[in-house]
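Q: Dumping the structure here so I can ask a few things about it.
The values are calculated or read from the model by the stated rules, or taken from the named source; none is laboratory data. Quick caveat: nothing in here was measured; it's all calculated off a predicted structure. Cβ placement follows ideal geometry from the backbone for every residue including glycine, while neighbour counts extend to all protein chains displayed.
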Amino acid sequence: MRRPRRGDAGQAFPIYITVVAGLLFLAFAYLAVGQAAANRNGAQTAADAAALAAALDTRDKLTDEWVENVLDPTKWQDIFDGKDVVLDGCGRAGQLAAQNDATAVCEPLYALPPGYKVEAKTTKPVGDSIVPGTEDRHSTAKATAVIERRCEFKLPGGDTEGDEGAEGAEGDVLPQLTCEDDKTWDVDPDDPTTLPGPEDLFDVHLAD
């Protein structure tokens, strides 16, 4: 039998080293990509949570304002549309971003519907990898959350949609609220169980 020559083994060894080095490089490259993706996902999660938190905070305040003015239906539409609303929920956005290891730049959106635009930046960098500069690179992401009314009503003699309902403090008829999912509310200020909650009056969601 013919014995393998030592020269053949010597030639194969550098090829083996090259293949192993290539595989290691690919492994580290995939790890770097995974690190970056995880960091970006963290930034997006923080941005989404912060924008929603700010919008939910304002939604609750709009609901409180509606309850305070429940006997004056002429003010309901402006409240439901968020007209003249004070968009001061950015502090809440910062809190939620911090809970997700990020900082937030929050911008109120005075539009119809109102809302908040948030840009979040991770407090932790991507970390060391084979890609130069990642050790100091922080991921950023943006999110926008809006507050939209869920209910319609009709003022006596008015032209908005809905039906009439219970009596107010001065004997006037308070409009019946017709909300999404075909849910109706006969509002009675003397019976708190007839008052819809924030989630009934307003829909808070992320927008493109």
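Q: Looking at (1) surrounded by fewer than 15 Cβ atoms within 10 Å (Cβ to Cβ); (2) outside any helix (DSSP H, G or I); (3) in contact with a Leu (Cβ under 8 Å, 6 or more places away or on another chain), which is the one condition that is false for Leu87?
A: (1)
Q: Would you point out the residue of segment 61-79, among those that are among the hydrophobic types (A, V, I, L, M, F, W, C) and modelled with pLDDT of 95 or more, that is nearest to Asp203 (Cα to Cα)?
A: Looking at residues that are among the hydrophobic types (A, V, I, L, M, F, W, C) and modelled with pLDDT of 95 or more, I get Leu62.
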